[in-house]
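Let me begin by presenting the structure, written as structure tokens, before commenting on it.
The values are calculated or read from the model by the stated rules, or taken from the named source; none is laboratory data. Nothing here was measured: the structure is a model prediction, and the numbers come from that model. Because the Cβ atoms are built from the backbone with ideal geometry, glycine has one as well, and the counts that use them run over all protein chains shown.
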């Protein structure tokens with residue numbers, strides 16, 4: 001008689017916290033310590049070779065990027081962020097003695113786009129430009145890509161448009177690099193996108209198309225318009241392998257940074273990574289890369305706003321009902337309203353969710369008030385300026401050590417006995433380009449939250 005897979009029942013307490021928009025932690029029972037080298041999603045297999053190919057593309061374009069973006073001259077066209085020791089922040093986050101060391105992967109300061117979206121968004125535009133350049137004979141394989149900055153090359157690329165649907169940061173990364181390479185660029189933005197992000201794009205000559213409704217509607221409208229134009233390439237945050245692999249290349253650089261910082265990653269020294277999550281492409285790409293490069297002892301957790309936990313909702317559906325469901329946060333009675341605008345997504349990427357099934361350790365949710373408070377703690381302790389969505393990961397260590405679900409995971413994962421050797425890595429995602437007036441408003445809100453809780 002064939003065996004029947006029994007799906008676990010949905011945890012009632014977790015479900016109640018989700019519906020009531022209260023911070024919650026879910027840990028993934030399907031995570032595999034040793035997943036297959038090639039993972040399947042949406043009919044395609046990807047592996048570490050694809051991550052290495054994305055990294056190689058970044059290298060081929062480095063000379064051109066240094067030419068068109070003056071801020072990259074000092075790094076010779078490399079788009080990367082530092083790894084920062086943040087032990088001074090640990091007491092403020094409730095991390096006690098024997099709970100490991102805290103680091104920050106500072107993508108809030110990534111040059112050009114000012115956010116983590118530089119990794120995926122720029123990579124996909126570069127891949128599209130490379131395809132066109134080879135197709136039109138603008139550059140030869142192994143040639144110098146700086147030729148794409150010439151008027152003749154820009155005239156060819158200028159016949160094409162790059163479009164994207166975004167709540168903000170992905171649109172900024174796509175619009176900035178596409179316009180710099182000579183493409184026409186269009187960003188379809190939802191009503192909740194920040195005005196300063198729209199203004200910055202328009203200053204670059206990017207067409208900003210505003211849509212009533214949320215992120216999902218902006219993406220759908222942008223996709224439909226792009227499909228009607230054979231010279232338009234649509235960057236699809238919900239379905240793009242190029243975006244995801246651009247993010248995954250960060251793992252190769254982080255591996256070197258960890259080694260330079262003397263950080264080991266093994267059974268005795270686990271690495272626990274906390275990643276803000278919107279539709280899921282960026283954190284999924286990074287998680288895919290980290291698991292491929294660093295192996296079973298890296299544990300990745302996604303962080304989402306309590307009103308927009310689309311990835312958690314999707315993972316719960318997959319765990320309890322199997323693949324084929326695509327729920328929305330609205331189905332749970334949530335509003336999808338959050339000041340973390342880049343995370344205000346009602347439905348997760350099915351591509352990202354399929355890949356994360358065997359890789360992800362868990363997902364937790366965070367209240368907006370906590371985002372503002374932790375934004376201030378990061379400023380006061382480290383002098384770093386982050387935006388609210390970039391603060392989401394800082395609740396991670398306390399979620400693991402201070403909740404019943406977290407403590408159960410520490411025991412079942414084998415991390416508890418070696419927690420004192422653990423490295424906690426919070427991945428910050430944006431903040432560099434936030435105008436001073438908006439940033440000071442964030443700080444005021446955060447200080448009010450801290451004063452109220454004192």
Given (1) in a helix (DSSP H, G or I); (2) under 23 Å from residue 336 (Cβ atoms); (3) in contact with a strand residue (DSSP E or B) (Cβ under 9 Å, 6 or more places away or on another chain), index of the condition residue 196 fails: (3)
Sole residue being touching a helix residue (DSSP H, G or I) at 6+ places or on another chain (Cβ under 7 Å), outside any helix (DSSP H, G or I), within 27 Å of residue 214 (Cα to Cα) and touching a residue at least 40 places away in the same chain (Cβ under 8 Å), chosen from 355, 360: 360
Condition met for residue 220 (buried (at least 19 other Cβ atoms within 10 Å of the Cβ), assigned to a helix (DSSP H, G or I), at pLDDT below 95 and over 14 Å from the mean Cα position of the chain (by Cα)): no
Residues that are crowded, with 24+ Cβ neighbours inside 10 Å and not in a strand (DSSP E or B), drawn from the stretch 177-193: 177, 178, 181, 183, 193
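Please state which one of 72, 132, 83 is touching a residue at least 12 places away in the same chain (Cβ under 8 Å) and within 17 Å of the chain's Cα centre (by Cα).
83
Residue by residue, here is whether (1) crowded, with 22+ Cβ neighbours inside 10 Å; (2) assigned to a helix (DSSP H, G or I); (3) free of Cβ contacts under 8 Å to residues at least 40 places away in the same chain holds:
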site: 389; (1), (2), (3): yes, yes, no
site: 392; (1), (2), (3): yes, yes, no
site: 397; (1), (2), (3): yes, yes, no
site: 405; (1), (2), (3): no, yes, no
site: 409; (1), (2), (3): yes, yes, no
site: 426; (1), (2), (3): yes, no, no
site: 444; (1), (2), (3): no, yes, yes
site: 451; (1), (2), (3): no, yes, yes
Residue satisfying all of: in the stretch 89-119; within 19 Å of the chain's Cα centre (by Cα) and at positive phi; surrounded by the fewest Cβ atoms within 10 Å (Cβ to Cβ) among these: 112
Any chance residue 208 is surrounded by fewer than 21 Cβ atoms within 10 Å (Cβ to Cβ), touching a helix residue (DSSP H, G or I) at 6+ places or on another chain (Cβ under 6 Å) and under 27 Å from residue 339 (Cβ atoms): yes
Criterion (part of a helix (DSSP H, G or I), buried (at least 24 other Cβ atoms within 10 Å of the Cβ), in the same structural domain as residue 411 (by TED's automatic domain parsing) and out of contact with any strand residue (DSSP E or B) (no Cβ under 6 Å at 6 or more places or on another chain)) met by exactly one of 259, 317, 284, 348: 284
Matching residues, the stretch 19-52, being within 30 Å of residue 333 (Cβ to Cβ) and in a helix (DSSP H, G or I): 19
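Yes or no, residue by residue, for (1) surrounded by 24 or more Cβ atoms within 10 Å (Cβ to Cβ); (2) on the phi > 0 side of the Ramachandran plot:
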site	(1), (2)
293	no, no
300	yes, no
304	yes, no
324	no, yes
331	no, no
Any hit, the stretch 120-129, residues being crowded, with 24+ Cβ neighbours inside 10 Å, at pLDDT 90 or above and more than 17 Å from residue 61 (Cα to Cα): no
